Structure formats: structure tokens, C-alpha cells
1. Over region 61-157, what lengths in whole Å, largest first, do the semi-axes of the equivalent ellipsoid take, defined as the square roots of 5 times the eigenvalues of the alpha-carbon gyration tensor?
2. Post the alpha-carbon centroid distance, region 222-262 to region 56-89, in whole angstrom.
3. With label points built 7 Å along Cα→Cβ from the Cα atoms of residue 21 and residue 39, find their separation and express it in nm.
4. In nm, what is the difference between 0.36 nm times the number of residues separating residue 202 and residue 219 and their Cα-Cα distance?
5. Measure nothing fancy, just the Cα-based angle from helix 164-180's long axis to the longest principal axis of the chain, in degrees from 0 to 90, nearest 10.
6. What does the highest-first list of 211-223, 239-251 look like by mean Cβ count within 10 Å?
7. By how many degrees, 0 to 90 and rounded to 10, does the Cα axis of helix 2-14 deviate from the longest principal axis of the chain?
8. How far apart, in nm, are the 7 Å Cα→Cβ label points at residue 146 and residue 114?
Ligand SMILES: Cc1cc2nc3c(=O)[nH]c(=O)nc-3n(C[C@H](O)[C@H](O)[C@H](O)COP(=O)(O)OP(=O)(O)OC[C@H]3O[C@@H](n4cnc5c(N)ncnc54)[C@H](O)[C@@H]3O)c2cc1C
């Protein structure tokens, strides 16, 4: 995944893009069309086109200003996807040989989802996902290795309900399931814990939901917003937009947004040469990443 990020960033730089990290966008400025983005630092960056790649709920919920909020329909809170509590650690696993992906099921899967979806609570007996990425290179690895542990959590990050006690109880419940399934995990150092509150801070507007807007029912997936918005010059991409969440899908949606923005710029007669070059580059990036 990081190779994909590096490939796209490298390609963008070769085309003259300047990538700025740690620059929070406070507002998207517009009148009849997009004019600029304003950073939290107060700096104003003029723009003919803006592609917003955060959660659509942030845009529709007004976190990027009133003009941008009118450009899209905010998905309701009931459509947030699940959040998670995760532990990143380096440690020694024992009991049975881990695969790259491992799922240790709750004894009562229905009760788990009742807690998550109906009560908005952490389950007492969670289903646990354990990822052992070093096993890809060496399936029989022994000794300390990187381990990632995830349990589902309700998307209620940033709402003040999650206390340190609840997280500790969740950790105990998670390690109980791991032990019950005959696995042992001895961390070499304290695991790094990430909670729905942390995810909500990182992905504004999402409540910590990790997988874009939830799809429930056969036709939901067809109803996702496309790259264009009601505000000329503002485009959307990412997990809450067509074709959906997950790194491959979000990458495709970036490609659609880039192509749509380029078409929009060339149809207004602005920046025609840049628009053509950008469209070609975006396709190359995706092909390179797939290869
Ligand atoms: C722990 C975890 C496990 C996951 N597991 C899976 C999985 O197994 N399978 C799967 O398909 N998907 C999984 N996902 C989901 C997948 O990572 C996402 O669907 C995908 O990353 C979405 O990409 P994106 O580009 O839309 O958004 P993001 O990766 O969320 O990127 C958006 C970026 O925009 C930034 N941003 C938002 N607002 C602003 C602002 N105002 N100013 C500046 N920056 C801003 C955010 O900080 C963020 O860095 C997982 C996600 C997590 C966190």
C-alpha cells in the first residue's frame, strides 16, 4: 500500500505537483464556483478545481464551510461504516502457525453485531482479526514479528463515550478470545492502541468509521455519489464515493475524479494543456501501481 502511495506521489511530482503534508484545510472558498482552499494556518491557496478526498460527511456536514456543504448531500450518521480498536505490536506468536490473515470468531456473532449496531457498544466477546505481515515473506517465521490486531467498534468516535476503562475491558476481551483460540502473543513492548476517537480525529466527519459510507442491501452500492458535485469546480474522491471503500476502490475513485476535473477544466477552456497531461498521468499511475 505504501508503494502505491509512493508511486502516485512520485508521478505527481514529476508532473510538477507540490505535495504539502500536515496542511489542514479549514474551508473551501466558492461563489458560483470553487475559488480557493483556506488552510488552518490562514493561508489561502487559489484553485480552479478542488478534489476533496476526505469523508463526504465532513463536506456535507459543513466542516469545510457553508458553500462546500451545499455542494453534496451528507450521508446520515446511520450510514457510517464500522470503526475499530486496533493494536500494533512487535512480539512472538505461539500456539499454532499464523497465516498472513487470521480471523478468530466470537462465540456469538449475532450478539457481537447487536452490540455494535443496535447498542453502539463494544462487544463483550469480539471477533478478532490478526494480521501477521511478515509471514508473507517467511510463512514459518519464528521470533519477534510485526502483528496487527483489530476488533470492530461502533462508529461513535469523538463523542466522549469511550473511556480508558472501556478500552482496557475491550483489550482484555480481545486477548481472552486470542487465548481461547489457542494462540499466544507476547509483545516485546507495549502495543500501540488506536481507538474510534483516534480514527475520528484522523478522518474528520467519519465518527471513526473506516470503510466509507456503509452499504446495506443489494442496490446501495449503486447509489454512491460520483466525482461531480453541485458546485462547479469541486470534485470528490475516496472511500465514501463511487466505487467505494478500500485502497483499490479509493484509488479508482481518485482516477475518476482526476479525469472528471480535467474534462471540466478543458470544457471551460481553462488550462487545457495541463488537463490533457494530467489525464494521461493518472492512467499511467494506476497502471504502474497495478503492475
Ligand atoms: C485500521 C484500518 C483497517 C482497514 N482495513 C481495511 C480492509 O481490510 N479492507 C479495505 O478494503 N479497507 C480497509 N480500510 C479502509 C481503507 O483504508 C480506506 O477505505 C481507504 O484508505 C480510503 O482511502 P481514502 O483515500 O478515501 O481516504 P483516507 O485514506 O482516509 O485519506 C483521506 C486523508 O485526508 C485527510 N483529510 C481529511 N480531511 C482533511 C482536511 N480538512 N485537511 C487536510 N487533510 C484532510 C485525512 O487525514 C486522510 O489522511 C481500513 C482502514 C483502517 C484505518
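Values in this text are rule-based calculations from the coordinates and carry no lab data. None of these values were measured; they are calculated from a predicted model. All Cβ positions, even for glycine, are placed from backbone atoms using ideal geometry, and neighbour counts span all protein chains on display.
1. Its equivalent ellipsoid spans semi-axes of 35, 19, 10 Å.
2. Their Cα centres are 15 Å away from one another.
3. Label-label distance for residue 21 and residue 39, simple model: 1.4 nm.
4. 3.2 nm is the gain from fully extending residue 202 to residue 219.
5. Taking the Cα atoms of the chain, the angle to 164-180 is about 60 degrees.
6. Final packing ranking: 239-251, 211-223.
7. That helix lies at roughly 20 degrees to the long axis.
8. 3.9
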